[in-house]
Structure formats: C-alpha cells, structure tokens
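Each remark here refers to the structure printed beneath this line.
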Amino acid sequence: MQNINNSISFTGSRKFLRDADWVCRKVKSEFPMISPTRVYYSNMEKVQSDKKYMSFIMKKSIQLQEDRADRHFLSSAYKFMKEVLYSATVNKVGNCSEYVSLAEMISKMNGVKNCYRLSLVDANPKNISNTSKKKLDHTVLMISKNPVEGDTIKPDESLIIDPWLGISGRMKDVVSRYKLEFSKMLKITDDTEVAFKISRPLNFKDFEIETFKLGFPNLIYPKNDETSEFMKII
C-alpha cells in the first residue's frame, strides 16, 4: 500500500471548517437515527442492566444488519444511497457507515468534488498481522484539495467529517480527539498508530445528484454571497 501525506494549505480556513461543521450538523438534524453501537457504548451500564433497553438496542441492531444485507450487493451508488436513506428515514437506524454516506451525499449535492470515505486502521507494524492493517471498525469522510492516489492516508492537513461522533476538523486534530475523547469507543490503545484507508466512494451521476437536490432541498447550503466558495480548499 502506498502511504500518502497530501498536506495542503487553507485559505479562509474558518469558513471551510464552519462549512464542514454544517454538513456534520445537517446529518444529525435532518436524519435523527438510533445508532445501536453509539447508544451501547455511551450507556453501557444501563444497557447491560436493563433488559428492555438491551432488547430495544438488539432489535435496532438486527434491523440495521438486515438493511445492510439488502444493499450489500448493489453496484449502483444511487440505489445504494436510496437504501441508506430508507434506513435513515423509515427505520431510523444507522451507524458510522450510514452517517458518512449521508455526509458524502450532502457534500456532493453542494458541489464538493474530492470526497473520500475512509476506514480507520492501525498502521503500527507491531499490531499488524501478515500484510493487512488492523481495522478499527469506524468510517469517516475526508475532503481534500486534490484527488488522492493510493489507498492509505496518514494524518495530515486534510479535513475529516465524522457525523457519527458529531465532530469535524483538520485530520490531525480529529485524530487527537479520537485518542483523547473516544479511545474506548473506537478501541484505540496507547500503541495504536491511527491511519486511514480509502473505501469505495459513492460515484453519483450528475442527474442523480439533481434528484437528491429535488428530494432534499433542506440539504442545500443556504444561498448567500459565499455560496460558490462552499467547502472550497485553496
């Protein structure tokens, strides 16, 4: 695997960070879902001691597994996204993968080009078995100035949107927060070397993006003098 350190500079970085936060908050506000994993780790003692609560979380988890099985073999990004939207709006259930799919859709609806779905991995050679990096079972969205080549990225100045945890920011800052605030939930230990591996993107056609715009007008960034600069890295 090729390691990439695609360091970039930011002009108007405050606005760029605000735009990323807007995407993060839009996922949360427009698609209020139950995340079985997040609920479990946030309320572990209560879940384990309350049979009804545990039963509720288990039902949601099974529902999510069934939803994912239904879309697992879909080759069309548009059909895949429609199934994710069904999970989010009808079944109201999703974990990090669903949250990131929604963030990617919103970003592309607003003209962002270089969106990458990333899986967290542990790149510490001591923790790697054979030649595969250890997966940390978490997915985020990256926005980069330029197209990225290869499939493994180490923390740099690119931007991360993590709507599942409700945070966004420069990659190195988000990684620091993972280690300080979310290590237990993400199973990050002291010797974990957090890196990212690019996952399959949602390559929507132009007319499919227009369909999403018609169906979800609230996901279009508010019109103002800076609209053309939305999420623009210079």
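Every read-out reported here was derived from the displayed coordinates using simple, explicitly stated rules and does not represent laboratory data. These numbers come from a predicted model, not from an experiment. When we count neighbours, we look across all protein chains shown, and the Cβ atoms used for this are built from the backbone with ideal geometry, even at glycine.
Once fully extended, how much extra length lies between LYS28 and LYS92, figured as 0.36 nm per residue of separation less the alpha-carbon to alpha-carbon distance? Don't jump to the answer; show the numbers that get you there.
Numbers: separation 64, 0.36 × 64 = 23.04 nm, distance 1.15 nm.
Full-extension gain reported as 21.9 nm.
What residue among ILE160, ILE198, ILE57 shows peak mean-square fluctuation when the chain is described by a Gaussian network model with Cα springs under 10 Å?
Taking springs between Cα atoms under 10 Å, the residue moving most is ILE57.
Calculate the FRET efficiency for MET44 and LYS154 from the Cβ-Cβ distance with a Förster distance of 35 Å, rounded to the nearest 0.05. Show your work: numbers first, answer last.
On the way: r = 31 Å, r/R0 = 0.89.
E(calc), rounded to 0.05, equals 0.65.
Using bins 5 angstrom wide from zero, how does P(r) for the chain break down, in % of all Cα pairs?
Calculated P(r), rounded to whole percents: 1, 6, 13, 17, 19, 17, 14, 8, 3, 1, 0.
What chymotrypsin sites (Phe, Trp or Tyr not before Pro) does segment 16-94 have in DSSP loop regions with at most 12 other beta carbons within 10 Å? Don't skip to the end; give the middle numbers.
Numbers: sites: PHE16, TRP22, TYR40, TYR41, TYR53, PHE56, PHE73, TYR78, PHE80, TYR86; in loops: PHE73.
The qualifying sites are PHE73.
Using 0.36 nm times the number of residues separating LYS213 and SER176, minus their current alpha carbon distance, what extension gain do you get? Please list the in-between numbers first.
Working: separation 37, 0.36 × 37 = 13.32 nm, distance 3.46 nm.
Going from the current span to full extension adds 9.9 nm.
With a sphere of radius 14 Å drawn around the Cβ of ASP206, what net charge do the other residues whose Cβ falls strictly inside it have (Lys, Arg +1; Asp, Glu -1)?
On the way: positive: LYS108, LYS113, LYS205, LYS213; negative: GLU208, GLU210.
Net local charge, ASP206 excluded: +2.
Taking 0.36 nm per residue of sequence separation and subtracting the Cα-Cα distance, how much length would be gained by fully extending the chain between LYS126 and THR189, in nm to one decimal? Don't jump to the answer; show the numbers that get you there.
On the way: separation 63, 0.36 × 63 = 22.68 nm, distance 1.26 nm.
Going from the current span to full extension adds 21.4 nm.
Go ahead and set up a Gaussian network model of the chain, Cα springs under 10 Å, then flag whichever of GLU45, GLU210, GLU30 fluctuates most.
Of GLU45, GLU210, GLU30, the most mobile in the Gaussian network model is GLU45.
Take the cross-link list LYS113/LYS179; LYS135/LYS187; LYS59/LYS79 and give me the ones stretching past 22 Å between alpha-carbons. Intermediate results must be reported in sequence, preceding the final value.
Working: LYS113/LYS179 29 Å; LYS135/LYS187 10 Å; LYS59/LYS79 25 Å.
The answer is LYS113/LYS179; LYS59/LYS79.
As a check on your grasp of the helix formula, calculate [θ] at 222 nm for the chain: sum -39500 (n - 2.57) over DSSP H runs of n ≥ 4, divide by the residue count, round to the nearest 500. List each step's numbers first, then the result.
Working: 9 runs with 101 residues, N = 234.
After summing the helix terms and dividing by residue count, I get -13000 deg cm²/dmol.
For the chain, calculate the relative contact order in percent as a whole number, restricting contacts to Cα pairs under 8 Å that are 6 or more residues apart.
Working: 350 pairs, mean separation 67.4, N = 234.
Across the chain, relative contact order equals 29 percent.
Loop-only check: which GluC sites (Glu not before Pro) in segment 77-150 are DSSP coil with at most 10 other Cβ within 10 angstrom? It would help to have the intermediate numbers written out before the result.
Details: sites: GLU83, GLU98, GLU104, GLU149; in loops: GLU149.
When the GluC sites (Glu not before Pro) of segment 77-150 are filtered for loop state and at most 10 Cβ neighbours within 10 Å, GLU149 remain.
Dividing the alpha-carbon radius of gyration of segment 73-156 by 2.2 N^0.38 Å (N being the number of residues), what value is obtained? Don't jump to the answer; show the numbers that get you there.
Working: Rg = 15.0 Å, N = 84, 2.2 N^0.38 = 11.8 Å.
Ratio of Cα Rg to 2.2 N^0.38 Å: 1.27.
Under 10 Å, Cα contacts only: if you run a Gaussian network model on the chain, which one of GLU193, GLU181, GLU208 comes out with the highest mean-square fluctuation?
Sorting by GNM fluctuation, first place goes to GLU181.
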